[in-house]
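Notes to accompany the following structure.
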Amino acid sequence: MDGTVAAAMPVIEVEALEKRYGEVHAVRGVSFSIPAGSCTGLLGPNGAGKTTIMRMIMALVQPTAGALRLFGKPPSALGRSMRERVGLVPQEDNLDPDLSVRQNLEVYGRYFGLPARTIAERVPRLLAFMQLAERGGAKVMQLSGGMKRRLTIARALIADPELIILDEPTTGLDPQARVLIWRRLLDLKREGKTLLLTTHYMDEAQRLSDRIIIIDGGRILDEGAPKDLIARHVRGHVVEVAKPLPRGFSEDGLERNDIGDAVLYYANDPAEVTRRLPADAAYLRREANLEDVFLRLTGHSLRQGE
Ligand SMILES: Nc1ncnc2c1ncn2[C@@H]1O[C@H](COP(=O)(O)OP(=O)(O)OP(=O)(O)O)[C@@H](O)[C@H]1O
Ligand SMILES: [Mg+2]
């Protein structure tokens, strides 16, 4: 019976959490709970409050208001054990540039007070897991962006944490480097780790997360499984028609969203839109995705300026 209760206990519980930085109301009353063994994605544009939420969870920033529990306790009550149970991949890599790849992991292991034997066993395993085995002796400054990110993830895993918090694990990386990280994060999920990640890539959120929390302007707009969010807010298909719209095209009764140089039309059956278009009209037809959900909820794009 006790086991059932323990398994059902959320790893993170956040209630009416707020953070003000002077005039800036960065987080405006956010509540959510993260079940063990799940992957939750905080999806939102620049300045949404994602990093601030993570920093409050990690007790690196003091909340202005609200309650927060990690493994059922306030972070302050967890003390040092929290650092071992939670692995953090911060938004900015903070590796030691003067040390080698291997030394970065070893120093971190010693910081956690891991026995030398454990460090000696884990470091090569983590290097292999993150495909850095050949780079163990390299200096951090000799690594590519993707390798640095992988090393930061390996470092977060050194104490074998139950919860891994990743702030934009793949931002700025090329597609191949991103796919490699995604595979490893899915491996960690299969091992039963709890993952909380932030991203402004909707494909990343959709691929990795069991549940997505859409956040903008310090508030949660909605949360749910990717496919449920799509079903709730947009129809299944999108027909994108470039401007100027074809002459004689009737938009009557169609659900639309003007994105500047094109208009998006949402429909369960794309033919509801395409049959109204002249034969020579140029359009794109695709399935609806989380970007459409975000646009629908906020009226602006997830990735501003792109
Ligand atoms: N230390 C700070 N002092 C003052 N304002 C801050 C501080 N940290 C964050 N902010 C502000 O709080 C808001 C939320 O910032 P935060 O970094 O949490 O957003 P984010 O969602 O992580 O954005 P990004 O995708 O760009 O990383 C922004 O308006 C930001 O300027
Ligand atoms: Mg951030």
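Some values worked out for this structure:
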item	result
Residues located in segment 132-145, provided they are open to solvent by less than 10 Å² (accessible area, probe 1.4 Å) and assigned to a helix (DSSP H, G or I)	VAL140
Hits in segment 33-55 (condition: under 17 Å from ALA16 (Cα atoms), open to solvent by 10 Å² or more (accessible area, probe 1.4 Å) and away from ligand 2 (no atom under 16 Å from the Cβ))	SER33
Close pairs from segment 156-167: first assigned by TED's automatic domain parsing to the domain that holds ARG184 and small (Gly, Ala, Ser), partner in a strand (DSSP E or B) and within 16 Å of ligand 1 (Cβ to nearest atom), Cβ under 6 Å, at least 6 apart	ALA156/LEU88; ALA156/VAL89
Residue, farthest from LYS227 (Cα to Cα), within segment 254-306, restricted to residues that are open to solvent by less than 40 Å² (accessible area, probe 1.4 Å), not in a strand (DSSP E or B) and not hydrophobic (A, V, I, L, M, F, W, C)	THR274
Residue in segment 67-88 that is more than 23 Å from the chain's Cα centre (by Cα) and hydroxyl-bearing (Ser, Thr, Tyr) present	yes
Residue check, SER250 within 23 Å of GLY41 (Cβ to Cβ) and either open to solvent by less than 50 Å² (accessible area, probe 1.4 Å) or small (Gly, Ala, Ser) (or both)	no
Which listed residue, of ARG190, ARG135, ARG207, is assigned by TED's automatic domain parsing to the domain that holds PHE71 and either under 29 Å from ALA59 (Cβ atoms) or touching a residue at least 40 places away in the same chain (Cβ under 8 Å) (or both)	ARG190
Segment 56-86, residues that are within 16 Å of ligand 2 (Cβ to nearest atom) and surrounded by fewer than 20 Cβ atoms within 10 Å (Cβ to Cβ)	MET58, LEU60, VAL61
Leading residue by the ranking (farthest from the chain's Cα centre (by Cα)) among those in segment 175-220 that are at pLDDT below 95 and polar (S, T, N, Q)	GLN176
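Matching residues to (1) under 23 Å from ASP203 (Cβ atoms); (2) open to solvent by 10 Å² or more (accessible area, probe 1.4 Å); (3) β-branched (Val, Ile, Thr); (4) within 16 Å of ligand 2 (Cβ to nearest atom):
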| position | (1), (2), (3), (4) |
| --- | --- |
| THR118 | no, yes, yes, no |
| MET130 | yes, no, no, no |
| LYS148 | yes, yes, no, no |
| VAL179 | yes, yes, yes, no |
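The values are calculated or read from the model by the stated rules, or taken from the named source; none is laboratory data. For clarity, every value in this text was computed on a predicted model and none was experimentally measured. Because the Cβ atoms are built from the backbone with ideal geometry, glycine has one as well, and the counts that use them run over all protein chains shown. Areas reflect the complete protein model, heavy atoms only, side chains present, ligands, DNA and RNA absent. Shrake-Rupley method; radii C 1.70, N 1.55, O 1.52, S 1.80 Å.
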